[in-house]
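Peer 1: Below are the structure tokens for one structure; questions will follow.
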Amino acid sequence: MAGREMSHSMGLTERIEHIRKLTALDAAEELVRLPADDIQFILSRLPAEQALVIASHLGEAAAPGEAATRVVLSGMEETIGELMTPATATLPSSYTVAEALTFMVKSADVSEISYIFITEEDRLVGLVGMRDLILAKPSEVLASIMVLEPFAFHEDTSIKSAVSEVLYRHYRIYPVVDDQQRVVGEVRGWKLYERIVSELSAQAGSQYGVDKEEQINTPVLTAFRMRHPWLQVNLITAFAAAFVVGMFEGTIAQIVALAAFLPVLAGQSGNTGCQAMAITLRGITLGKIQDYPISQLLRKEILLGALNGAAVGVIAGVAMFAYALFTDSANPAMLGFVIFIAMIGACMTSGIFGVAVPLLLKRFGADPATASSIFLTTFTDIIGMGLMLFLATSLVL
């Protein structure tokens, strides 16, 4: 209680200086008592490395009921307006360099000023960097040294769109404007790069039905509710693969050697599909999928599937030939050829599905990373095992 009273009695500047001196965990415990906007503002005024370390401890320090704080620390902000903090320095274009320097000297956050946002009639028209300001003559007006029409985010810009932009614009700070082009805040570049890292790290779990919000300290029942529905989906799709195999039960009964190679084929085609899916998800997350034709990506993955399938198919075919000879199976050479062709076909189709599954999920408004591997595994199993058993039935029997 005493800590909370101390936090509220401090001014923002004093509080920032106080936070700077604390350990990461102590600083997090101080911050979680504050409103979400204050947390964002203070973190934006700390050195990037220190802010990231403190932010990583916020989850431990926040109480379950502190919903606003959890929005900040969990990366649930949807728009730039939710992520932005107050602008550090905004001045009229008519100000001289001397007046701008005087403003900076009097500013409590002078160490955090990287750019001065220049306005005319309250509209953003330019930007002045510290180097240009220091090298300019004191009598020059800011309008004569500013960068015209700087890039700015609209406050309603989605975080996903902003993440795509920062990959091409490596600025430390981005101005945020409203519909009238008035400066309403700023966003630190490290916050958006942190979101990129968060999105990419969350994909590994999302592909297997693990919710992005689940952490290692998530309660058992909560984790169960997040994970179990996708396991039920996986069970249903697995039945589809089992049905396909069941259709060729007679073939497997006559050529027992095929049963030993079903998991080999499924594993190789599944891995090929997961590789294609990972690249597609990465392209979606980083916004690069918009600049690369889907048809070209599909051709690339089909070719890669054919090359990889042929490379592993040769080894698998030789292994099948040797295994068929050892088990006295009929026509071992043809069985080896069946495995070779099936491996190529399975890897090619898995590459197609690796691209198509996340793109289709995105098209229908679903999270492209969510449980995509569950659907991918089903498709690759059905096509891969079905192709092998069909070829064996047609060519060997």
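Peer 1: Roughly how many nanometres apart are two label points built 7 Å out from the Cα toward the Cβ at SER107 and ARG123?
Peer 2: About 2.4 nm separates the two model spin labels.
Peer 1: Another question, then. Suppose we look only past 24 Å in the calculated P(r) of the range 220-395. What percent of the Cα-Cα pairs does that tail hold?
Peer 2: 42 percent
Peer 1: Now for a separate question. Per 0.36 nm of contour for each residue apart, how much would the distance between ASN271 and GLU78 grow if the chain were fully extended, relative to their Cα-Cα spacing? Walk me through the intermediate numbers first.
Peer 2: On the way: separation 193, 0.36 × 193 = 69.48 nm, distance 3.29 nm.
Difference between extended and current length: 66.2 nm.
Peer 1: Could you tell me the calculated FRET efficiency between LEU262 and LEU360, based on Cβ-Cβ distance and R0 = 35 angstrom, to the nearest 0.05?
Peer 2: 0.85
Peer 1: What order, most packed first, do the peptides 139-152, 178-191, 375-388 have when packing is the mean number of other Cβ atoms within 10 Å of each residue?
Peer 2: Per-residue mean Cβ counts within 10 Å order the peptides as 375-388, 178-191, 139-152.
Peer 1: Oh, and also: R0 = 25 Å: FRET efficiency of ASP328 with LEU395, Cβ-based, nearest 0.05?
Peer 2: Using R0 = 25 Å, I get an efficiency of 0.85.
Peer 1: Okay, moving on. Taking K and R as +1 and D and E as -1, what net charge do the other residues with C-beta under 13 Å from the C-beta of LEU262 add up to?
Peer 2: Neighbourhood net charge equals -2.
Peer 1: Would you grab the residues whose amide H sits under 5 Å from the one on VAL125? Only those 5+ places off in sequence or on another chain, please, with H modelled 1.01 Å from N.
Peer 2: ILE118, THR119, GLU120
Peer 1: Could you calculate the contour length gain from LEU231 to SER295, that is, 0.36 nm times the residue separation minus the distance between their Cα atoms, to one decimal place in nm?
Peer 2: 19.8 nm
No value in this document is a laboratory result; all are computed from the given coordinates. If you're wondering where the values come from, they're calculated on a predicted model, not measured in any experiment. Neighbour counts are summed over all protein chains in view; Cβ atoms, including those assigned to glycine, are modelled from backbone coordinates with ideal geometry.
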